[in-house]
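All remarks here apply to the structure that follows.
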Amino acid sequence: MKFHDMPYTRVDYDTYRVDFEQALDTFTKAGSADAQLEAAKAVFKLRDTLWTMSRLCFIRHTVDTTDAFYAAENDYYDETNPKFDELNNRFYKALDASPYRAELEKTLGSLLFQNIGISLRSFDEKIMGDMAEENRLCSTYQKLIASAQIEFDGKTLNLSQLGAYFESLDRTVRKAAMAKRSAFFLAHQEELDTIYDQLVHVRDKQAKTLGFANYTPLGYLRMTRNSYTRKQVEAFRHLVKTEIVPIATELRQKQKTRLGLDPLYFYDETLQFANGNPKPQGTPEEIFQNGQKMYRELSEETGHFFDFMLQNELFDALGRKGKAAGGYCDELVDYKAPFIFANFNGTFDDISTLTHEAGHAFQFYMSRDNFPPEYRSPTLESCEIHSMSMEFFTWPWMNLFFGENADRYRYMHLGGALLFLPYGCAVDEFQHIVYDHPDMTPDERRAAWMKLEETYQPGIQYDGDAFFGKGGRWQRQSHIYERPFYYIDYCLAQTCALEFWALMQKDRKTAWQKYLTLCKLGGKDTFTGLLGQVGLDTPFDATCLKTVAGAAKAFIDGFDESKLQ
């Protein structure tokens, strides 16, 4: 079914509760494991419909945040989702306490019950009001960012559209565009500070109600961290400091030399080449036509997948007024359909976003029939392996999008992967600092961010910028507001994607088969378990990051700099 034909109906909580409780009562009274399994399927079906309607609402709301109907519907789910969560937790409790649990584990797998235990520790009906408030605050932040209407170059632009000017060959244009962005954030700084302060405190309150010292351990549970610990994350960040930061610093020095700029200011960082970054060729329609050719040639599975996406209009990729910022992939499970949301702005990042989100969508497409539903997708750091690795698997087709500049794109893409890791780790360490010290003032948070920049991104120069130069850069990172502790998942996954990239250089066929297996597995194992099943090292192995970073640096160093001028 085409996306615009998918009917939306609000899932009324009271009606849902009656249906859910009837299904749960049937499950509880069932006299055998087989009978309980059949009753559980009725619960799963109810949950799938709830998920489909709530995500359909969210997508249509983010496509146009000015649409009053879907804005009101989104507010409804922000308020009501904790109640739906409470019902699901009752089902989880019944599963966990089932007299037939041992038999159910043989059918459903022990991982489901491990994750149920995590879910039960992270929820109590006592915090439902605070969860609803957290949802409301996240939506407030999203609407604030989407509200940006910036006058520049004779146009009215949102933040995504303004980003195209950050790659201008004219330094004065880059600086002016960045100044416009800074002015927007500076004008809303008090509001941004208030939203975040309230988010930190409402999350801290939930954690303490549940018996935790602060939000950090609760945040880990909500991310379903089931195969590694905070100490392992800290050790990984340390490896990034010692192994990646020096490489990233060297990459910035090469960029400065290529551009002939000294100093290299933050508004110069997006421009990699003196004669301009590679830009995708053709109209958005032509880009999707080339995407179809690429995915048909990549594999039979990706060809069927992309045809399905196009036939059912499961993309919304163009940036426009009132559209939420960023990009994401969502799942409409009743239709067994992924959906890709993006904000194309005519830069090289359009193609990276397309292939990244297509990686997420392809994984869901390949594991959409996994049972139970919890196994359709893994935890988020594993999800990001699918997306980031897909970016690398599509390299051979970049000439379709960039023509003779395809090698420049590959250089930027691989270098960008290395440059990203220090920033991503700074985001993660910042959140640990904040949630370990929830009473920090806004100025103290900005000071903490600036200190982290000195460690992870030494030498960054803001040329007196009144917002970003004063420790405000983190406030444009939506994950910090909306998805605490998510960002390190990108760093862990990027390391795994670099493993796939390194293997592609030696044996592309084997690399693809491992990737395909990973996608089909979905959420049937933990992060480290999935890596083990496809023969990848974990990022927590001290040699893993060093090995892939060395291979990537050698590849970059092998580029003829004269061709990059």
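Quick one: how many residues across segment 161-175 are open to solvent by less than 20 Å² (accessible area, probe 1.4 Å) and β-branched (Val, Ile, Thr)?
0
Among the residues of segment 133-144, is there at least one that is closer than 21 Å to residue 74 by Cβ, open to solvent by 50 Å² or more (accessible area, probe 1.4 Å) and touching a helix residue (DSSP H, G or I) at 6+ places or on another chain (Cβ under 6 Å)?
yes
Mind listing just one residue for me: the one in segment 132-147 that is over 18 Å from the mean Cα position of the chain (by Cα) and modelled with pLDDT of 95 or more and, of those, nearest to residue 179 (Cα to Cα)?
Across segment 132-147, the extreme among qualifying residues is 144.
Is it the case that segment 301-319 has a residue that's without any contact (Cβ under 8 Å) to a residue 60 or more places away in the chain, in a strand (DSSP E or B), surrounded by fewer than 17 Cβ atoms within 10 Å (Cβ to Cβ) and out of contact with any Cys (no Cβ under 9 Å at 6 or more places or on another chain)?
Checked against the condition, which is being without any contact (Cβ under 8 Å) to a residue 60 or more places away in the chain, in a strand (DSSP E or B), surrounded by fewer than 17 Cβ atoms within 10 Å (Cβ to Cβ) and out of contact with any Cys (no Cβ under 9 Å at 6 or more places or on another chain), segment 301-319 yields at least one hit.
Please determine whether any residue of segment 181-188 is open to solvent by 40 Å² or more (accessible area, probe 1.4 Å), among the small types (Gly, Ala, Ser) and in a loop (DSSP other than H, G, I, E, B).
no
Give me the residue from segment 407-442 that is touching a residue at least 24 places away in the same chain (Cβ under 8 Å) and of a type in the set (D, E, K, R) and, out of that set, farthest from residue 250 (Cα to Cα).
Within segment 407-442, the match that is farthest from residue 250 (Cα to Cα) is 436.
Somewhere in segment 345-357, is a residue in contact (Cβ under 8 Å) with a residue 40 or more places away in the chain, aromatic (Phe, Trp, Tyr) and either in contact with a Leu (Cβ under 8 Å, 6 or more places away or on another chain) or in a helix (DSSP H, G or I) (or both)?
So far as segment 345-357 goes, no, none of its residues is in contact (Cβ under 8 Å) with a residue 40 or more places away in the chain, aromatic (Phe, Trp, Tyr) and either in contact with a Leu (Cβ under 8 Å, 6 or more places away or on another chain) or in a helix (DSSP H, G or I) (or both).
Does residue 192 qualify as being closer than 24 Å to residue 65 by Cβ, part of a helix (DSSP H, G or I) and in contact with a Leu (Cβ under 6 Å, 6 or more places away or on another chain)?
Against the criterion (closer than 24 Å to residue 65 by Cβ, part of a helix (DSSP H, G or I) and in contact with a Leu (Cβ under 6 Å, 6 or more places away or on another chain)), residue 192 does not qualify.
Can you spot a residue in segment 111-131 that is among the aromatic types (Phe, Trp, Tyr), in a helix (DSSP H, G or I) and more than 23 Å from the chain's Cα centre (by Cα)?
There is at least one residue in segment 111-131 that is among the aromatic types (Phe, Trp, Tyr), in a helix (DSSP H, G or I) and more than 23 Å from the chain's Cα centre (by Cα).
Which ones in segment 530-556 are surrounded by fewer than 16 Cβ atoms within 10 Å (Cβ to Cβ) and under 24 Å from residue 360 (Cα atoms)?
If the condition is that a residue be surrounded by fewer than 16 Cβ atoms within 10 Å (Cβ to Cβ) and under 24 Å from residue 360 (Cα atoms), then 532, 533, 535 are the ones that fit.
Restrict the check to segment 502-521 and report whether at least one residue is in a loop (DSSP other than H, G, I, E, B) and open to solvent by less than 40 Å² (accessible area, probe 1.4 Å).
No - not one qualifying residue is present in segment 502-521.
In the list 8, 16, which residue meets the criterion of being in a helix (DSSP H, G or I), out of contact with any Pro (no Cβ under 9 Å at 6 or more places or on another chain) and within 24 Å of residue 331 (Cα to Cα)?
Testing whether each residue is in a helix (DSSP H, G or I), out of contact with any Pro (no Cβ under 9 Å at 6 or more places or on another chain) and within 24 Å of residue 331 (Cα to Cα) leaves just 16.
Given the conditions (1) over 18 Å from residue 387 (Cα atoms); (2) at pLDDT 95 or above; (3) not charged (D, E, K, R), report the number of the one that residue 536 does not fulfil.
The failed condition is (1).
If you go through segment 471-501, how many residues are assigned to a loop (DSSP other than H, G, I, E, B), surrounded by fewer than 23 Cβ atoms within 10 Å (Cβ to Cβ), touching a residue at least 12 places away in the same chain (Cβ under 8 Å) and not small (Gly, Ala, Ser)?
2
For segment 446-460: of the residues being assigned to a helix (DSSP H, G or I) and in contact (Cβ under 8 Å) with a residue 60 or more places away in the chain, which is nearest to the chain's Cα centre (by Cα)?
Among those that are assigned to a helix (DSSP H, G or I) and in contact (Cβ under 8 Å) with a residue 60 or more places away in the chain, it is 456.
Specify the residue that is surrounded by the most Cβ atoms within 10 Å (Cβ to Cβ); the eligible residues are those in segment 359-417 that are among the small types (Gly, Ala, Ser) and under 22 Å from residue 308 (Cα atoms).
For segment 359-417, the residue satisfying everything is 389.
Can you find even one residue in segment 96-109 that is hydroxyl-bearing (Ser, Thr, Tyr), surrounded by 17 or more Cβ atoms within 10 Å (Cβ to Cβ) and closer than 25 Å to residue 335 by Cα?
Checking segment 96-109: not a single residue is hydroxyl-bearing (Ser, Thr, Tyr), surrounded by 17 or more Cβ atoms within 10 Å (Cβ to Cβ) and closer than 25 Å to residue 335 by Cα.
Identify the single condition in (1) open to solvent by 50 Å² or more (accessible area, probe 1.4 Å); (2) at pLDDT below 95 that residue 129 does not satisfy, given that it satisfies every other one.
Just one mismatch for residue 129, condition (2).
Go through the residues of segment 228-240 one by one and say whether even a single one is open to solvent by 50 Å² or more (accessible area, probe 1.4 Å), of a type in the set (Val, Ile, Thr), in a helix (DSSP H, G or I) and out of contact with any Gly (no Cβ under 9 Å at 6 or more places or on another chain).
no
For residues that are surrounded by 16 or more Cβ atoms within 10 Å (Cβ to Cβ) and more than 18 Å from residue 135 (Cα to Cα), tally how many sit in segment 50-74.
3
Within segment 267-300, can you find the residues that are open to solvent by less than 30 Å² (accessible area, probe 1.4 Å) and within 18 Å of residue 516 (Cα to Cα)?
294, 295, 298, 299, listed by residue number.
Please find, within segment 22-40, the residue that is least open to solvent (accessible area, probe 1.4 Å) out of those that are under 23 Å from residue 80 (Cα atoms) and without any contact (Cβ under 8 Å) to a residue 24 or more places away in the chain.
Of everything passing the filter in segment 22-40, 23 is least open to solvent (accessible area, probe 1.4 Å).
The values are calculated or read from the model by the stated rules, or taken from the named source; none is laboratory data. The structure displayed is predicted, hence computed values, not measured ones. FYI the Cβ positions are ideal-geometry reconstructions off the backbone, even for glycines, and counts take in every protein chain you see. We work out accessible area using only protein heavy atoms, side chains counted, and drop any ligands, DNA or RNA first. Shrake-Rupley method; radii C 1.70, N 1.55, O 1.52, S 1.80 Å.
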